[in-house]
Amino acid sequence: MILTMGKCDLELDGPYLGRLREANELLGDRRALQSRLDEDGYLLLRGLHDPEKVKAARRGILEKLDANGQIDRRYPLDEAVVPEGGRGAFLGGQKEVTRSESFLNLVESSEVMGFFARLFEADVRTYDYKWLRVVGPGGFTGAHYDIVYMGRGTLNLYTVWTPLGDVSLEAGPLAILVGSHRFERIKETYGKMDVDRDHVTGWFSSDPVEIVDRFGGQWATSEFRMGDVLVFGMFTMHASINNRTDRYRLSADTRYQPADEPVDERWIGEDPIAHYSWMKGETVPMEVMREKWGV
């Protein structure tokens, strides 16, 4: 099976693209979960969320899209078919959605907060700002570390990627570059960057093959069902498969850390300031910085 990342067609189970491995058998064993994170840089957990909570959050988002004329109503709402001329959207920070009861019941549920409380062996806090993506046909996210966007607090911070609905391989699921959390040269250069401070474009690369050829590792992805999540740290390189369907791929990115550790001030409070400088004015291309860093 051939999947597309950016402009690259990759064979699934070929040299560049494999499959994520599940970690459910490790649930209940904190040390085993941490060891897996240290080894792979991620955890694929099936059914961490209650599927009914996923359905409720998804419904609320689709109703908002429908009200804005962004759903083809010749089909059932839940199929999320994109109308002619429709395209994806980023709804992060839109509080009428990301602070709705149905959405918070999902991403701040006892299942999620309890998982991190056990992993950290500490009280947990989550960023008040939530990232919510509506990815249309052809949509793709380039390879990046999350640290460059949220690196002003503790490094003991994890992203949870939640697909808001079933996501087939053709619909553009997330992909992890396995082993990338050990790319020390990238961590010491790109991984020290702050997009607001440095005014640099955020993606490390749009070419998944180039990264593997140069630094090693292998991309890995999977199909997802309602309730599944990916958990990964700030130095795990990730991107997405292109959405090759006629439907939106809905997903959320939420962040969790020990409550007593420093927090990035951009993402907390009633009205988080978020990115206040990035992509405003002159922005340095990543290609220029990579040449400067020698990576």
Q: Could you grab the relative contact order for the chain? Cα pairs under 8 Å, six or more apart, rounded to a whole percent.
A: 30 percent
Q) So what is the accessible area of the range 205-275 per residue, in Å², with the probe set to 1.4 Å? A) 34 Å²
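Pull out a ≥ b ≥ c, the square roots of the eigenvalues of the alpha-carbon gyration tensor of the range 140-218, then state rounded if a/c is under 1.5, prolate if not and a/b is larger than b/c, and oblate in the remaining case. Before the final figure, lay out the partial values.
Working: a/c = 1.74, a/b = 1.27, b/c = 1.37.
In terms of gyration-tensor shape, oblate.
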Q.
In 5 Å bins starting at zero, report the fraction of Cα pairs in the chain per bin as a rounded %.
A. 1, 5, 12, 16, 19, 19, 15, 9, 4, 1, 0
Q | Distribution of pairwise C-alpha distances over the range 1-51, 5 Å bins, in % | A | 5, 17, 20, 15, 16, 15, 10, 3, 0
Q | Above-threshold pairs, the threshold being 27 Å between Cα atoms, out of Lys64/Lys130; Lys7/Lys95; Lys130/Lys280; Lys95/Lys192; Lys130/Lys187; Lys7/Lys130 | A | Lys7/Lys95; Lys95/Lys192; Lys7/Lys130
**Q.** Candidates Leu44, Leu164, Leu65: whichever shows maximal mean-square fluctuation once the chain is modelled as a Gaussian network with Cα springs under 10 Å
**A.** Leu65
Q: State the percentage of accessible surface on the range 158-282 attributable to carbon and sulfur atoms; use a 1.4 Å probe and exclude ligands, DNA and RNA.
A: 49 percent
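Is the shape of the range 1-99 rounded, prolate or oblate, going by the alpha carbon gyration tensor and its root eigenvalues a ≥ b ≥ c, with a/c under 1.5 for rounded and a/b larger than b/c for prolate?
Values: a/c = 2.57, a/b = 1.47, b/c = 1.75.
Note, shape of the range 1-99 comes out oblate.
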Q) Counting only residues 5 or more places away or on other chains, whose amide H sits under 5 Å from the amide H of Ser251 once H atoms are built in the peptide plane? A) Arg133, Val135, Leu164
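Please give the FRET efficiency for Asp29 paired with Ala67, using the beta carbon to beta carbon distance and R0 = 41 Å, rounded to the nearest 0.05. Please report the intermediate quantities before stating the final value.
Values: r = 45 Å, r/R0 = 1.10.
For Asp29 and Ala67, the calculated efficiency is 0.35.
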Q.
Can you compute 3J(HN,Hα) from phi for each residue in the range 63-71, using the Karplus curve 6.51 cos²θ - 1.76 cosθ + 1.60 with θ = phi - 60°, rounded to whole Hz and x for Gly and Pro?
A. 5, 5, 4, 4, 4, 9, x, 9, 10
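Of all beta bridges DSSP finds with both residues in the chain, what is the antiparallel percent, to the nearest 5?
Values: 38 of 44 bridges.
DSSP beta bridges in the chain are roughly 85 percent antiparallel.
Any chance you could run the full-extension gain for Asp246 through Ala274? It's 0.36 nm times the residue separation minus the Cα-Cα distance, nm to one decimal. Write out the running numbers ahead of the final one.
Working: separation 28, 0.36 × 28 = 10.08 nm, distance 3.12 nm.
Extra length from Asp246 to Ala274 when fully extended: 7.0 nm.
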Q. Where does the Debye-calculated log10 I(q)/I(0) of the range 78-210 sit at q = 0.17 Å⁻¹, using only Cα point scatterers of equal weight, no solvent?
A. -1.27
Q. By its C-alpha gyration tensor, with a ≥ b ≥ c as the square roots of the eigenvalues, how is the range 193-295 shaped: rounded for a/c under 1.5, else prolate for a/b larger than b/c, else oblate?
A. oblate
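Only helical DSSP H runs with n ≥ 4 go in: add -39500 (n - 2.57) per run for the chain, normalise by residue count and round the 222 nm mean residue ellipticity to 500 deg cm²/dmol. Numbers along the way, then the final one.
Numbers: 9 runs with 75 residues, N = 295.
Roughly -7000 deg cm²/dmol at 222 nm, from the helical runs in the chain.
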Q) Gly18's amide H: which non-local residues (gap 5+, or another chain) put their own amide H closer than 5 Å, with H modeled 1.01 Å from N in plane and none for Pro or chain starts? A) Asp13, Trp219, Ala220, Thr221
Q. So, counting K/R as plus one and D/E as minus one, what does the shell of residues with Cβ under 11 Å around Ser168 add up to?
A. +1
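The values are calculated or read from the model by the stated rules, or taken from the named source; none is laboratory data. Every value quoted in this text rests on a predicted model; they were computed, and no experiment measured them. When we count neighbours, we look across all protein chains shown, and the Cβ atoms used for this are built from the backbone with ideal geometry, even at glycine. The area values use the complete protein model at the heavy-atom level, side chains included, leaving out ligands, DNA and RNA. Shrake-Rupley method; radii C 1.70, N 1.55, O 1.52, S 1.80 Å.
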